[in-house]
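This report refers to the structure that appears directly beneath it.
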Amino acid sequence: MLRREYLIELRENNGLSRQNVAAELGLSSRYFKNVEEGKVLSTTVMTTYFIVFSRLYNVSVMDLSCLETQYQLSRLRYEQE
């Protein structure tokens, strides 16, 4: 299982706690931790929240899309090994 390091890094670089971000997204802290840890793998879940992530992390939706695509490709390669 691969963590979404980019999400963790963006959150930490913006001085936000997991609880703060989860509250903004309307998610439980536990569920958001599972998203960051790669236990929730759905790209649909991620894209649903791109606009909120964009605002919270001061990054464009396009950049988030690229980072999530890179994550998903890495995860597929990891699973094939």
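The values are calculated or read from the model by the stated rules, or taken from the named source; none is laboratory data. This is a predicted model, so every value here is computed, not measured. Here the Cβ is made from the backbone with ideal geometry for all residues, glycine too, and neighbour counts use every protein chain on show.
Within the range 47-67, the set of residues being assigned to a helix (DSSP H, G or I), of a type outside the set (S, T, Y) and touching a residue at least 40 places away in the same chain (Cβ under 8 Å) comprises F53, L56, L67. For the range 12-24, a residue qualifies if it is in a helix (DSSP H, G or I) and either more than 22 Å from L2 (Cα to Cα) or under 9 Å from the mean Cα position of the chain (by Cα) (or both), and the qualifying residues are N20, A23, E24. Check off (1) of a type outside the set (V, I, T); (2) out of contact with any Phe, Trp or Tyr (no Cβ under 7 Å at 6 or more places or on another chain); (3) part of a helix (DSSP H, G or I) for R3 and give me the number that stays unchecked. Status for R3: all satisfied but (3). Could you please find all residues in the range 42-77 being crowded, with 16+ Cβ neighbours inside 10 Å, among the aliphatic types (A, V, I, L, M) and at pLDDT 85 or above? Scanning the range 42-77 gives L56, V59, L64, L67. Applying the condition of being closer than 16 Å to R18 by Cβ and either hydrophobic (A, V, I, L, M, F, W, C) or in a helix (DSSP H, G or I) (or both) to the range 31-41 and asking which residue is modelled with the lowest pLDDT yields V40. Only one of the numbered conditions (1) under 10 Å from the mean Cα position of the chain (by Cα); (2) in a loop (DSSP other than H, G, I, E, B); (3) at pLDDT 90 or above is not met by L27, and that is (1).
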